[in-house]
Amino acid sequence: MKVNKDRYERMKKTGSIHYAMEIKKNLAEITDDFPDNPQSMEYFYKRFEEYTIGNLHEGKKVIASMCVHVPLELIYATGGTPVRICAGAYATDQIGAEFLPAKTCPMVKSTLGAVYLDILPGNIKPELIVNPTTCDQKKKMGEIADEIDKPFFTLEVPPTKDSEEARQYWNRVVKKFVKKLEQTTGTKLTRRRLKKAIKTVAKAQAVYRRFDQIRRSAPVIYGKDAILVTNSYFFDDIENWTIQVEKLNQELEERIKNKQTVGKANSPRILLTGSPSIFPNMKLPLLIEKLGGIVVNEEFCSTSRMIWDTVAVDEWFLYDMVPAVADRYLKPSTCPNFTPNTDRERKLLRDIKDFQVDGVIYQTFTGCQLYDMESRRIGKILEDNGTQTLYIESDYNPDDFGQLTTRLEAFLDSLKNKK
Amino acid sequence: MRKLKIKRYIDNSNVSRFRFWIQIISFFIFVYGGYFFIEIASRLPIFSCPYVQGSPGGCYLIGVQHELNTTWESMLSFRGLGILTSLGIFLLFFIFLNKAWCGFVCPLGTLQDWITKLRKFLGFSFTRYDEMSFKRLKSIKYILLVLLILIPLGIRNSFFGIHVPHGMHTPFCQICPARIILPLFTGDTSQIFIDFTDTTTIIMTSLGMMIAALFLVGSFVKKRFFCFFCPMSALQYIFSKISLLRMTKDGDKCTRCGNCYRVCDVGIREIADDIISKNIVKDDCMLCVKCVEACPEDDCLKISFAGMPIFNASQEGFFKRYTGSSLTEYIKSIEPNKENENESK
Ligand code: SF4
Ligand code: SF4
Ligand code: SF4
């Protein structure tokens, strides 16, 4: 879609204003509507305040990514700074709708809109935008992005992950990706740099796993805050992020000691799964927690699925490190793009047990086929497990607020009565 | 959730380093121990090769081949008892360490690990069998085991009228690389020869030489190349279930991340993909526990002895081993830098 310059400028201007307003409003809801937020959360709130005004990673070579299947270690090791740009703003969703059918997933539309108008987190200027072929909508979005003249790179994610063929295919794709990164940043992948990158990411994972452990043991933090913590992993400097999460962990451990918990004793413990909640689209977690539930875990690609899994290397040479990194981004993934995807149901059952979950809320974005189609199978498995599940279809439009409230209220009440 | 201090210490430890030293000590004992009057036993579940002058023990396989070089009739008499006793001794040893004999003690296994170290030092990549070849080649060790039992029997007895020539006594030893390579460590090169007594011996000893050469080259390109074909490993596996040392897996905790498969020297896929079996010791496994070290999920893979947990997979241990420091140490090391950086902004 070629629009004339004036129209583009106008779109950009109004788009940015709406975007900034949306972010401000949603952030305020997260921070002001709840009492007693952990002090260490200030850092993360601030990150999101700077979302629209800052100039993040200035002077660095930013590689934007759109999915959990983009190997961060390789980006760091070739001198790039990864920023995940999957977007959650309704303002940019409306822009994306000019390119894609109305029924497309809002996350895809919103991301495309943001790329088109150059309003990305912290105003980054990516050298490369990595678009994995995880779902049809992203694939087709990639084609449109060419039209709007952005530096897209298609990362070919295989449709299955169990077979050896898929693994080999993916290994080759990753090798090609390394070449592309080297070209883009002008820095060669070396053994030393990759080793350091693997370790840096591993530390962030270690700190995140502690955070996760804390959330298992006691309800000391709201899910809306936890989601912000994981969301800031999208764009924050990874070492700063690690330091700050560690600070938060320490504060939360103090809270456990002082028995300073959030919610009430009978607050239902909720696990969120399905299409990812990405800031500023915090509709669902915020509503749940305002209505008296606590989100204790999220099985989202914007949260645990992104950070949890680790890289193990046997021989610290590129010949083993690169495939090890590749494996990490394929094998343990629970993305519904893969078939079969039994690992996802096993993960959910494990999380339900470990986090003492009372009920599951399954979110599907309008237009997201994959999560929608998988919801039946997952629903059946959860039912057999005796876990109550609420299925919600929603998008970025705030209009369904009233209807959502009614349904969530009823669900949470029934969980409370059972407790 | 709180673990005992000692348990935590062990789970965080680096077993591979420990194993490295145990292997050196074992190698020394099993190659030179005899010079120091160390006598262990002659029915060991490893390649403790009696052709090595300093060997303080014996490989059970040579015993099997000798003992079976007998007639059916005498096997039913007191000689049969002898066969059973030596099997009993073999099992007695085996019951304690299970396949860890291979991972920690066997000198031939250790030698392969050293060759791997050499390859790494030279910076060469390793190879792996693809899934198909792995499945196909897997059975060779069983075939060898069966032959190693049948051939000696065939010398004194006839199978459908076929008699095995006498030159085929201890047939496996004749082709075993341990017979040729291990004596070299005591400066004994006498096993490098071709026996020209008759056609059988010529064929067998030349085959032996070829296999020894293959052993050296093979283990340079593939980790534990020989173990994959080792009939001892096949024999051990038959009894693996009765051992007190066990490796178990809790499939519910497994994310199938494949870390364990990646580090497995013999390339056992099931270790990552099998989420049903509890006992996860497969026939090629040598209980080196590298997989347990690489597993980042608490208590997913476990080593236990007689039901007592010894070494469990743990997140904390994983991160410590793989990043070389604890989280607190790490944060301390990066924090000052980061503060400066953030201030200068
Ligand atoms: S499998 Fe390897 S370690 Fe085990 S007995 Fe055979 S050669 Fe030795
Ligand atoms: S390392 Fe652990 S979690 Fe990963 S596949 Fe192996 S057993 Fe499963
Ligand atoms: S499965 Fe584990 S213990 Fe067995 S050989 Fe492989 S890495 Fe070693």
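The values are calculated or read from the model by the stated rules, or taken from the named source; none is laboratory data. Quick caveat: nothing in here was measured; it's all calculated off a predicted structure. Backbone-built Cβ (ideal geometry, glycine too); neighbour counts: all protein chains shown. Quick note on the areas: whole protein, heavy atoms, side chains included, nothing else; ligands and nucleic acids left out. Shrake-Rupley method; radii C 1.70, N 1.55, O 1.52, S 1.80 Å.
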- Message: Residues to consider are B:207, B:147; find the one that is open to solvent by 60 Å² or more (accessible area, probe 1.4 Å), in contact with a Pro (Cβ under 8 Å, 6 or more places away or on another chain) and in a helix (DSSP H, G or I).
- Response: B:147
- Some residue of region A:130-141 being crowded, with 23+ Cβ neighbours inside 10 Å, modelled with pLDDT of 95 or more and within 14 Å of chain B (Cβ to nearest Cβ): no
- Taking into account only those residues within region B:223-243 that are among the basic types (Lys, Arg) and within 13 Å of ligand 1 (Cβ to nearest atom), which is farthest from the other protein chains (Cβ to nearest Cβ)? B:224
- Query: Is at least one residue of region B:240-251 of a type in the set (Val, Ile, Thr) and away from ligand 2 (no atom under 12 Å from the Cβ)?
  - Reply: yes
- Of (1) within 11 Å of ligand 3 (Cβ to nearest atom); (2) in contact with a Phe, Trp or Tyr (Cβ under 7 Å, 6 or more places away or on another chain); (3) under 26 Å from residue B:63 (Cα atoms), residue B:234 fails just (1)
- Query: Would a scan of region A:211-218 turn up a residue that is open to solvent by 20 Å² or more (accessible area, probe 1.4 Å) and more than 10 Å from chain B (Cβ to nearest Cβ)?
  - Reply: no
- So which helices (runs of 4 or more DSSP H) are wholly in region A:20-108 and hold at least 2 residues that are aromatic (Phe, Trp, Tyr)? A:41-49
- Item | Hey, residue A:310 open to solvent by 10 Å² or more (accessible area, probe 1.4 Å), at the interface with chain B (Cβ under 10 Å from one of its Cβ atoms) and among the polar types (S, T, N, Q) or not | no
- Mind listing whichever residues of region B:266-288 are within 16 Å of ligand 1 (Cβ to nearest atom) and over 19 Å from residue A:164 (Cβ atoms)? B:281, B:283, B:285, B:286, B:287, B:288
- Message: Out of the residues in region B:88-121 meeting the condition of being hydrophobic (A, V, I, L, M, F, W, C) and without any contact (Cβ under 8 Å) to a residue 12 or more places away in the chain, tell me which one is most open to solvent (accessible area, probe 1.4 Å).
- Response: B:121
- Query: For residue B:104, which of the numbered conditions (1) under 30 Å from residue B:189 (Cα atoms); (2) outside any loop (DSSP other than H, G, I, E, B); (3) touching an Asp or Glu at 6+ places or on another chain (Cβ under 7 Å) fails to hold?
  - Reply: (3)
- With the condition kept exactly as written, say whether any residue in region B:275-283 is within 15 Å of ligand 3 (Cβ to nearest atom), open to solvent by less than 20 Å² (accessible area, probe 1.4 Å) and modelled with pLDDT under 95. yes
- Taking only region B:257-276 into account, find how many residues are in contact with a helix residue (DSSP H, G or I) (Cβ under 6 Å, 6 or more places away or on another chain), assigned to a loop (DSSP other than H, G, I, E, B) and facing chain A (nearest Cβ under 8 Å). 2
- Some residue of region B:122-141 being open to solvent by less than 10 Å² (accessible area, probe 1.4 Å) and either more than 15 Å from ligand 1 (Cβ to nearest atom) or among the aliphatic types (A, V, I, L, M) (or both): no
- Message: Being among the aliphatic types (A, V, I, L, M), in contact with a Ser or Thr (Cβ under 9 Å, 6 or more places away or on another chain), under 21 Å from residue A:331 (Cβ atoms) and not assigned by TED's automatic domain parsing to the domain that holds residue B:110: is that true of residue B:280 here?
- Response: yes
